[in-house]
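The block underneath contains the structure these notes are about, expressed in structure tokens.
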Amino acid sequence: MMAARPPASRPIPDTEASIAQFVAATEALDNLVTNGFLDRQDGYYVVQELRTPQLRQAMKYSVCLTADPDISHFYQKDEEPERDWRRRRAQTVRDHCSVCPVRVACAELALREGDTIGLRGGLHPEKLKRRLAMERDRLDQALAEDQRTSEDQQARMAASREVQRLAGQYLGTSGKPERRSENIKKIRQAARQRDELVTSHRLSAGWTTAA
């Protein structure tokens, strides 16, 4: 069941951060990729508004997946001189990262996951480590939001399963009319709790409550 788009009359925010939040909340992932929001500097704020599962999903558009380059290009070899590694990684960035449609998303995902080993999103390990240190507070908040979103999703799924369980257990069973009435009441209560969770999720995501 898909949520409806926000009304067309919803005002567009003025600040850069608010615009990024609006775009991330209202545009499908495919559109974000197509419109270049995950591969250019403009996407720096947009990817911060995405959840980690969305960032992982975006990697299906990456050059690493679609072109399948030699993965050794992205890592320093054992005992490789630093000068040779700098030259080789610069070539890798030019050949792969600079043309990747999800470059900024790749870097953000690396920061969320603490992956600073190789090249990610065109950033070498030293830059990734510096950004990880400089943006620690923001990343902690993003990870906390990832956790909250995951817990909310699990709660919605559990509520839906409970409605199905009660319906399968009670409907169509024989018994006294008052017992059947009580069973139906329990099903309706479970369905109401499920719908409240779904509605809350849609509103927090910027959608309307219409199906």
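Could you tell me which trypsin sites (Lys or Arg not before Pro) in the range 37-71 are loop residues by DSSP with no more than 14 other beta carbons within 10 angstrom of their beta carbon? Could the numbers behind the result be given before it?
Working: sites: Arg40, Arg51, Arg56, Lys60; in loops: Arg40, Arg51.
Sites meeting the loop and neighbour criteria: Arg40.
Taking all protein chains in place and a 1.4 Å probe, what share, in percent, of the accessible surface of the range 37-128 do carbon and sulfur account for?
49
Using Cα positions and a limit of under 28 Å, work out the lysines in reach of Lys77, with same-chain residues fewer than 8 apart set aside.
Within the straight-line cut-off, Lys77 pairs with Lys60, Lys127, Lys129.
Would you please put 109-117, 90-98, 75-83, 137-145 in order of how densely packed they are, using the mean number of other Cβ atoms within 10 angstrom per residue and starting with the highest? Working shown, then result.
On the way: 109-117: 17.9, 90-98: 15.7, 75-83: 10.2, 137-145: 13.1.
Final packing ranking: 109-117, 90-98, 137-145, 75-83.
The values are calculated or read from the model by the stated rules, or taken from the named source; none is laboratory data. All of these numbers come straight from a predicted model, not from anything done at the bench. Virtual Cβ from ideal backbone geometry, glycine too; neighbours counted across all protein chains shown. Accessible surface is based on the protein model in full, side chains and every heavy atom, while ligands, DNA and RNA are left aside. Shrake-Rupley method; radii C 1.70, N 1.55, O 1.52, S 1.80 Å.
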